[in-house]
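Just so it is clear, none of the values below were taken in a lab; they were calculated from the coordinates. All values reported here derive from a predicted model rather than from experimental measurement. A quick note on method: Cβ atoms are made from the backbone with ideal geometry, for glycine too, and the neighbour counts reach across all protein chains shown.
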């Protein structure tokens, strides 16, 4: 049995090396992709195939994006500890103080919350410390042609990479980012860069890697275009009288649709002032061995989940933003 396992691992390794050596230029599906780009976007077939020939399979991308073989129990407390911690909070305070004028200008222009802009960049890359060192062309080609579960999505992102490169006048193999092809401080995929990124420093180009202003402005614009409501609530903690009565509320999904009457009928009450006439969603933040945290999320909480469709993610952004805001206010008060 051990010999069979070793042989299997060897064969897989040889297969991976073979894929990485040959590139994608001669793959039938890659050629069809290149022809489609030429037909719909007038990108020359030879140009696309030249890049795809140089693009190589990266087995790390498949490893990182694949669901774990052993599915663990989701834990909000474990997830939270990765983001609401001293290093990230301090980095957020320093980032906000260093770029306060830009953050304020973006928040005012797009009608969004300053702290949430700062929170998102903190959760995504710790303010640019970890933007990824994967060649985006390699990562997206690997996912587009060798990861069937999400091939449609990543072929679309690969298409957007070529379109973005043409629009920006840059080689398609010049971009670096995460294993999933996300770029820069805010970790925008190519489609998000094309749809939501802005030249906030007005230097004639969009650069999410090196322009803090472009990164801040682009996050603000993303929130704005997804429906951020200026001055409106985001989320409040809640108590649940009887957990057996809330299944239907949880099944309603992440988009706010629950009325105060529905919540009251199920014994769900906001711990602090619940705004009137605001539809909500009930959020359950479970951790093994601990009591489940319940929150009410409003429209702005939903908008954060458009950035990453996870209630854990959105709550981390919200709580990191709150922690940074509180510490920053306290520091400024001490100076005064």
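Pick from 64, 79, 298: which residue has the top mean-square fluctuation in a GNM of the chain where Cα pairs under 10 Å get a spring?
Comparing 64, 79, 298 in a Gaussian network model of the chain, the most mobile one is 64.
For the chain, take the longest principal axis of its alpha carbons; what is the angle in degrees between that and the long axis of helix 2-22, to the nearest 10 within 0 to 90?
80 degrees
Report the label-to-label distance for residue 39 and residue 205 in nanometres (one decimal), using points 7 Å from each Cα along the Cα→Cβ vector.
Going by the 7 Å Cα→Cβ label model, 3.4 nm.
Please give, to one decimal in nm, the separation of the simple spin-label points placed at residue 101 and residue 133, each 7 Å out from Cα toward the Cβ.
In this crude spin-label approximation the distance works out to 3.5 nm.
Using a Gaussian network model of the chain with C-alpha springs under 10 Å, which one of 248, 139, 30 is most mobile by mean-square fluctuation?
Of the options given, 248 has the highest mean-square fluctuation.
Determine, for each peptide in 210-220, 45-55, 94-104, the mean count of other beta carbons within 10 angstrom over its residues, then list the peptides with the highest first.
Highest-to-lowest ranking by the protection proxy: 210-220, 45-55, 94-104.
Residue separation times 0.36 nm, minus the C-alpha to C-alpha distance between residue 306 and residue 195: what's the value? It would help to have the intermediate numbers written out before the result.
On the way: separation 111, 0.36 × 111 = 39.96 nm, distance 1.37 nm.
In short, 38.6 nm is gained.
Note down the nm distance, to one decimal, between modelled labels 7 Å out along Cα→Cβ at residue 334 and at residue 28.
6.7 nm
Give the label of the value calculated from the structure for semi-axes √(5λ) of the Cα gyration tensor in Å, choosing from [x] 54, 20, 17; [y] 39, 27, 19; [z] 69, 24, 16.
[y]
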